[in-house]
Every structure is written in structure tokens, then in C-alpha cells.
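Novice: Let me begin by handing over the structure; questions about it come next.
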Amino acid sequence: MKKTLFAFVAICGLFMSGCLKDNYSVIHPPPAPGPPKPCDTVSSFSLGVTPIFTKYGCTAVNCHATAGTPGSGVVLDTWKGTNKANNNGLLLPAINHAQANGNGGIFWMPLTGNSLTACEVAQITKWANEGAPNN
């Protein structure tokens, strides 16, 4: 009788383990996603600022490139030009749509299309506030 009971339990265990594997995601659902990751604000001209300006076309010849006729005389495809715009107080108000309104020659940038994300504004702001290093 004990051998029969042991065999029955062993066989049931094998069948149930197969069911558990098939239904693992039902029995153990994946954890809920956590909070969004914080913005990675890299204080770097080459790794943080330039890719953002390139993404939005700010460094294009018909916008703020050295090779073309830069809009408002602001050059954003070089550190020297970007640093000059920062030092003149034109850079941060222009990318922060809450501050720029067209008065005093400071317009929202990018002029057409989507505005920069809050994270992108934070990256450029951090770079500027840390002395706008040429890195």
C-alpha cells in the first residue's frame, strides 16, 4: 500500500510540475513596472548638447551652422558658438519655452517642430550651469 501511494504521489507530482511550467506566467505574473528612470543629465558638450542640437536639426546649414548663414548670428554646431550664445544669455531662454516669448529677440527653439523634452532642457541647462565645458 505504501509503495502504491508513493508511486501515485510521484506521478501526480510529475504531472503537476509540467502544469506549473506551462502556467508559470499566470501563477507568477511579472512585476509591475517601476517608476520612470530619472533623466540622465550628462554635463558634456560632445555627448549631451551636440546630439540634442543635431536631433532637432539645429546644426543644419539652414539653421545655426557655421557653414550657412546662422539664424540670428547664433552658431550651435561648435562649442565656441554655443558657448557664446550661452554667455550672451540667448541659449537657455530659447530652449526653455516657458521663458522665451519672442521679446528681446529671444524666440522659442526649435522654431518649428517639437520642443525639446524636459530631460533635454535639463541636460543643456546642467552643461551651461557647470561652466559650459568644452568636452
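The values are calculated or read from the model by the stated rules, or taken from the named source; none is laboratory data. Please read these numbers as outputs of a predicted model, since none were measured by experiment. Note that we place each Cβ from the backbone using ideal geometry, even for glycine, and neighbour counts take in every protein chain shown.
Novice: Report yes if Gly104 is in a helix (DSSP H, G or I) and either polar (S, T, N, Q) or at pLDDT below 80 (or both), otherwise no.
Specialist: So Gly104 passes the test.
Novice: Find the residue count for segment 114-132, including only residues that are modelled with pLDDT of 90 or more, buried (at least 20 other Cβ atoms within 10 Å of the Cβ) and within 13 Å of the chain's Cα centre (by Cα).
Specialist: So the count comes out to 3.
Novice: Given the criterion assigned to a helix (DSSP H, G or I) and either modelled with pLDDT of 60 or more or over 25 Å from the mean Cα position of the chain (by Cα) (or both), identify the matching residue among Val49, Val42.
Specialist: Result: Val49 is the single residue among Val49, Val42 that is assigned to a helix (DSSP H, G or I) and either modelled with pLDDT of 60 or more or over 25 Å from the mean Cα position of the chain (by Cα) (or both).
Novice: Can you tell me how many residues in segment 44-59 are touching a residue at least 60 places away in the same chain (Cβ under 8 Å) and among the aromatic types (Phe, Trp, Tyr)?
Specialist: Count: 2.
Novice: Taking the residues in segment 63-92 that are modelled with pLDDT under 85 and under 18 Å from Asn114 (Cβ atoms) as candidates, determine which candidate is surrounded by the fewest Cβ atoms within 10 Å (Cβ to Cβ).
Specialist: Checked segment 63-92; the qualifying residue surrounded by the fewest Cβ atoms within 10 Å (Cβ to Cβ) is Gly71.
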